[in-house]
1. Can you give me the long-range amide H partners of residue 123? Hydrogens built in the peptide plane at 1.01 Å from N, cutoff under 5 Å, separation of 5 or more residues or another chain.
2. Can you work out the Karplus-derived ³J(HN,Hα) for every residue in segment 175-181? Use 6.51 cos²θ - 1.76 cosθ + 1.60 with θ = phi - 60°, whole Hz, and x for glycine or proline.
3. Only bridges whose two residues both fall in segment 33-191 count here: according to DSSP, what percent of them are antiparallel, nearest 5?
4. Return the Cα extents of segment 66-144 along principal axes one, two and three, sorted largest first, each rounded to a whole Å.
5. For segment 33-191, would you read off the P(r) tail past 30 Å as a percentage of all alpha carbon pairs?
6. Whole-Hz Karplus ³J(HN,Hα) for segment 75-89, in order, using 6.51 cos²θ - 1.76 cosθ + 1.60 and θ = phi - 60°, x for Gly and Pro?
7. What's the ranking of 136-146, 99-109 by average number of surrounding C-beta atoms within 10 Å, highest first?
Amino acid sequence: MRRWAAAVLLAMAAFAVAAEAAPQSPPPPPAALVMTPGPFTLTAVDGRTVDGLDLDGAAYGVFFGFTHCPDICPSTLADVTLALRGLGEKAAGFRVYFVALDAERDTPQAVGVFLSSFDPRIVGLTGTPRQLAEAAAAFGAVARKRTFADGGYTIEHTAALFLVDANGVVADRAPFSDPPERLAKRIAAVAAR
């Protein structure tokens, strides 16, 4: 029994030494999300109807959020603004659709005011609770209202920029933590497809 225990300890020690000696490579990047979004219909802040099927043929981005978001939404949209401006003419026809998930407070006017601080290629979209749920489901995004004990609430949502190519395929999903330079590269890659 002692020999067996000694052999196990020796093998564990050899494994630990080999693991420390092996070069540590970073984990591979996550595979690109490749899917075709389902159908959705929302209303732009200027009153026109935006149907997801009508967007096919041009690359675009979609970000789900809400106007009362304290940090992730405004910082992500600021980064997207910098990325679009950094791309200049390369992103002239590229649009990012901000789907405002708070049907109670995100009126077209409120969304318009919220987006006025960002690049004009970021288009605000609103809808009924059902339309918003359908849009989130179309991209596999999470969106749910979380109520607090004091009666207030927030909207928990997927914090990623979905990048859709001209064929209508979600070809990339940029996390909110991507800096503007990285976002610009991702947008340019999808726009060029």
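Each reported figure results from applying straightforward, stated rules to the coordinates on display, with no laboratory input. The model shown is predicted, which means the values in this text are computed figures rather than measured ones. Cβ coordinates were reconstructed from backbone atoms using ideal geometry, including for glycine residues, and neighbour counts include every protein chain displayed.
1. 96, 97, 98
2. Once rounded to whole Hz, the list reads x, 4, 7, 5, x, x, 5.
3. 65
4. That gives 36, 24, 20 Å along the principal axes, largest extent first.
5. Value for segment 33-191 (Cα pairs over 30 Å): 8 percent.
6. My calculation for segment 75-89 gives 6, 5, 5, 5, 5, 5, 4, 5, 5, 5, 5, x, 7, x, 5 Hz in order.
7. Values: 136-146: 16.2, 99-109: 19.6.
Peptide ranking by packing, descending: 99-109, 136-146.
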